[in-house]
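**Student:** Structure provided below as structure tokens; questions to follow.
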Amino acid sequence: MPDFRAYALPSSAEPTELTLSAAESHHLIVVNRAAAGHTVVAFDGRGSEWICELAVPDKRAARLKVRFAQKTKPLPFTLTLGQALPKGGTMDDIVRKATEIGAARIVPLASERTQVHLDADRSDKKIEKWQTAALEAAKQCGNPWLPEITPVQSATAFMESARGYDLKLIASLQPGAKSLKAVLAATATALGRPPRSAIWLIGPEGDFTPAELSVARSAGFEPITLGPLVLRCETAAVYALSVLSYELQN
């Protein structure tokens with residue numbers, strides 16, 4: 001039987017016991033059917049893990065006895081996904097897959113062709129839902145690092161303010177879009193080392209508008225082709241992050 005995983009924020013740096021939240025306790029005891037004596041890996045979403053034994057299987061406040069702690073280093077590079085909001089629950093799936101791939105930051109974007117418009121209250125609820133999706137994905141894939149999920153931002157405002165990245169990319173269907181390999185090679189040559197921080201911008205259904213693409217290019221984003229076929233935005237996000245992660249790891 002694989003070890004169970006649970007999210008926990010201990011009150012001390014070296015805890016000997018962890019008490020899970022009501023939601024985590026219910027998921028561990030009721031949904032996953034963990035019982036006393038089972039091994040549970042607790043993690044804080046910031047790289048720290050505690051290998052524990054389930055001491056008290058309370059579905060409202062499960063208690064874990066810590067056996068030992070371990071720290072997982074982050075990837076040697078950081079990936080940020082700037083994703084124009086898609087329709088329906090597609091963003092939930094994108095957040096899950098981005099977490100599995102190891103994205104450090106996810107920025108939901110409101111673009112000119114975005115068909116989802118959120119007021120402040122709905123935006124807060126959506127962010128909570130996306131954070132839950134990221135947590136579920138982290139538990140499933142064993143990622144001890146949770147991505148930061150920012151509030152929804154204007155696409156053009158974010159493009160203009162995006163600084164501090166070694167590599168700034170935007171998926172593009174326009175003629176003249178470059179290959180990822182060519183841009184990676186040119187960037188590594190210019191930096192004298194492989195890129196350590198990268199951002200991908202992925203458009204909504206129908207892609208970014210020509211005006212938005214112009215803003216992106218002015219802000220230093222390189223238009224990158226994802227191949228000859230038109231991909232759905234969720235496919236494009238997973239494809240772009242996966243290929244870039246693979247290249248940066250190798």
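FYI, it's all coordinate maths here, none of it is from the lab. Source: prediction; values computed, not measured. Positions of Cβ are generated from backbone atoms using ideal geometry, with glycine treated the same way; all protein chains shown enter the neighbour counts.
**Student:** Nearest 500 deg cm²/dmol is fine: what mean residue ellipticity at 222 nm does the chain get from its DSSP H runs of n ≥ 4 alone, each adding -39,500 (n - 2.57), divided by its residue count?
**Tutor:** Helices in the chain give a 222 nm mean residue ellipticity of -10500 deg cm²/dmol.
**Student:** Among I94, S214, P144, flag the residue with its Cα farthest along the positive direction of the charge dipole of the chain, charges on Cβ as +1 for Lys/Arg and -1 for Asp/Glu.
**Tutor:** Looking along the dipole axis, the top candidate is P144.
**Student:** May I pose another question? Rounded to two decimal places and with Rh computed the Kirkwood way over Cα pairs, what is Rg over Rh for the chain?
**Tutor:** Rg/Rh for the chain comes to 1.03.
**Student:** Taking 20 Å as the cut-off for C-alpha to C-alpha distance, list the pairs among K139/K168; K59/K97; K71/K139; K71/K97 that go past it.
**Tutor:** Over 20 Å Cα-Cα: K139/K168; K59/K97; K71/K97.
**Student:** How far, in degrees from 0 to 90, does helix 90-101 lean away from the longest principal axis of the Cα atoms of the chain, to the nearest 10?
**Tutor:** It works out to around 80 degrees.
**Student:** Follow-up. Taking the highest mean first, how do the peptides 166-175, 194-203 order by number of other beta carbon atoms within 10 angstrom per residue?
**Tutor:** 194-203, 166-175
**Student:** How big is the antiparallel share of DSSP beta bridges in the chain, given as a percent to the nearest 5?
**Tutor:** Percentage antiparallel, nearest 5: 40.
**Student:** Can you pull a Stokes-Einstein diffusion coefficient for the range 4-71 at 25 °C (0.890 mPa s), Rh from Kirkwood over Cα pairs, as a whole number of µm²/s?
**Tutor:** 216 µm²/s
**Student:** Dipole magnitude of the range 78-249 about its Cα centre, charges +1 at Lys/Arg Cβ and -1 at Asp/Glu Cβ only, in debye to the nearest 20?
**Tutor:** That gives the range 78-249 a dipole magnitude of about 360 debye.
**Student:** Follow-up. Give me the lysines in straight-line cross-link reach of K126: C-alpha distance below 16 Å, same-chain residues under 8 apart excluded.
**Tutor:** K87
**Student:** Also: Along the charge dipole of the range 78-249, pointing to its positive end and built from +1/-1 on Cβ of Lys, Arg, Asp and Glu, which listed residue (A103, V183, T80) has its Cα farthest out?
**Tutor:** About the Cα centre, the residue reaching furthest to the positive side is V183.
**Student:** Place a point 7 Å from Cα of Q153 in the direction of its Cβ. Which residues in the range 164-194 have their backbone N less than 16 Å from it?
**Tutor:** 164-170
**Student:** What whole-number distance in Å separates the alpha-carbon centres of the range 124-196 and the range 214-239?
**Tutor:** 11 Å
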